[in-house]
Amino acid sequence: MTLSGTSVAPAALVGVYAQPDLVLVKGEGSWVWDEDGRRYLDFTAGIAVNALGHGSPIVAGAIQEALATGLIHTSNLYRTRPVAELARTLVELAFPGRAFFCNSGAEANEGALKFSRRWAGSTGAEAKRGFISFRGAFHGRLFGTLAATDREAYQAPFRPLMPGVQFLEVGDVGGVEELLATGTVAAVFIEPLQGEGGVRPIAPEFLRSLRALCDRHRALLVFDEIQCGLGRTGKLFAHQHAGVTPDIMTLAKPLAGGLPMGAILVTEEVASALHPGDHGTTFGGGPLVATVALAVVRTLSEPSFLKGVTERGVFLRKGIEGLIERCKQVKGVRGMGLLQGIVVEGQAASVVAAAREKGLLLVSAGPDVVRVIPPLNVAYEELEQGLEILAEVLA
Ligand code: PLP
């Protein structure tokens, strides 16, 4: 089957994506090519998915290895070794507990919402059905996760959403305590580094306060590390910068090297509240995706790899700080490691469009923040090239 000559006009696709007129046909490392042979430096990495870049031999090798068994999918009616090994590896790297595998970030967070209520019920606290989320949060676009996502435009057309989510300002320790004291909150959801909501790192002290408050009031602390986890900040998990562990952590994006996969890691206490039939998915955690995820996680968790991310992050950050002095349109920078947000005057979308014209792919994070999310193994020369294009666009 060949796709050449197939119309790529969007007529047959649901129009929920505002896509530029660009058809990608090839990728290698930090680069992608369009049909006309034009090359682009890809600093979107598939929205923080392609941690090892395009065409990674590690990902390709793991796919080959999995294919050689003939088992792409088995369903969760049966056990497979890659899935068991992946669960063991993640739990060892994160915190003692267990893993559940699914297919996307939103699905991981939906599961975390359910698991939290199941845990609360198992403790006898049936009144604990509610959730706390924060201003700027993005947890997904399904009915539960959308309810916990702080974006009026995303929510409005789809109400009623899941009831029970209350939003607080990041840093509002008193507000969190007040709500937890009502005895109606099952879990507090937070991204240790907010992504879509504008690339905002959460202060370590606030994460530590949440840990203490959740312990005091017996609620779960859920870290959504779907975008910021798995090496992006220079530590394997972003919360490790703060030195606190959650009761539940959700992962997705880079987990299986570009294949769709999400994970929910839970403590033994939460796991003990979950029983056969409580939750499930047909595709989640198949042997092929799990084999790839295992190879990806082993690579990303290497201390030398993480050191490389930290160093690249410092280099990128310094480069962006240099732009603040050179370019009037740049108002500031925030982020961690290789997830940096450039705060611009005017529309981030126009900066993204102008950079694309010059061969650099970027994505916005809200109206005035341009996100820079290169692959975690991006070359220093590529970072320099990207910064040069940014300087031209923002001049
Ligand atoms: N949580 C966070 C922090 C995210 O950044 C995203 C996606 O951008 C999601 C959840 C939802 O993930 P998905 O798009 O795979 O459903």
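The values are calculated or read from the model by the stated rules, or taken from the named source; none is laboratory data. Owing to the predicted nature of the structure, the values given are computational and were not obtained by experimental measurement. Positions of Cβ are backbone-derived with ideal geometry, glycine not excepted, and every protein chain shown enters the neighbour counts. Protein only, heavy atoms only, side chains kept; ligands, DNA and RNA dropped before computing areas. Shrake-Rupley method; radii C 1.70, N 1.55, O 1.52, S 1.80 Å.
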*Within 10 Å, count the other beta carbons around each residue, average over each peptide in 29-41, 376-388, and list them highest first.*
376-388, 29-41
_Can you give me the C-alpha center-to-center distance between region 131-183 and region 78-100, rounded to a whole angstrom?_
30 Å
*Heavy atoms only, probe 1.4 angstrom, no DNA, RNA or ligands counted: give me 154, 17 ranked by accessible area, highest first.*
17, 154
*If r is the Cβ-Cβ distance from residue 392 to residue 17 and R0 is 25 Å, what FRET efficiency results, to the nearest 0.05?*
0.40
*Round to a whole number: what % of the accessible area of the chain belongs to carbon and sulfur, probe 1.4 Å?*
55 percent
_Estimated distance in nm for a label pair at residue 122 and residue 315, the labels positioned 7 Å out from Cα along Cα-to-Cβ_ = 4.6 nm
*asked:* Per residue, how large is the accessible surface of the chain? Use a 1.4 angstrom probe and give square angstrom.
replied: 45 Å²
*For residue 345 and residue 39 in the same chain, what is the full-extension length gain: residue separation times 0.36 nm, less their Cα-Cα distance, in nm?*
107.4 nm
_If packing is taken as the average count of other Cβ atoms within 10 Å, what order do 158-165, 124-131, 198-205, 256-263 fall into, highest mean first?_
256-263, 198-205, 124-131, 158-165
_Separation between Cα centres of region 341-388 and region 245-302, rounded to whole Å_ = 30 Å
*Give the calculated FRET efficiency between residue 79 and residue 307 to the nearest 0.05, with a Förster radius of 35 Å applied to their Cβ-Cβ distance.*
0.45
*In terms of modelled amide H atoms, which long-range or inter-chain residues lie less than 5 Å from the amide H of residue 168?*
133, 134, 135
_Can you give the local net charge around residue 357? Use residues other than it whose beta-carbon is closer than 14 angstrom to its beta-carbon, Lys and Arg +1, Asp and Glu -1._
0
_So for each of 139-151, 60-72 I average, over its residues, the number of other beta carbons within 10 Å; can you give me the resulting order with the highest mean first?_
139-151, 60-72
*Helix-only [θ]222 nm of the chain, DSSP H runs n ≥ 4, -39500 (n - 2.57) each, per residue, nearest 500*: -11500 deg cm²/dmol
*Check every DSSP H run in the chain and write down those whose alpha carbon atoms cover 15 angstrom or more along the long axis and whose mean Kyte-Doolittle hydropathy is 0.0 or greater.*
57-68, 81-93, 287-300, 380-394
_Less than 9 Å Cβ to Cβ from residue 343, Lys/Arg counted +1 and Asp/Glu -1: what total charge do the surrounding residues give?_
0
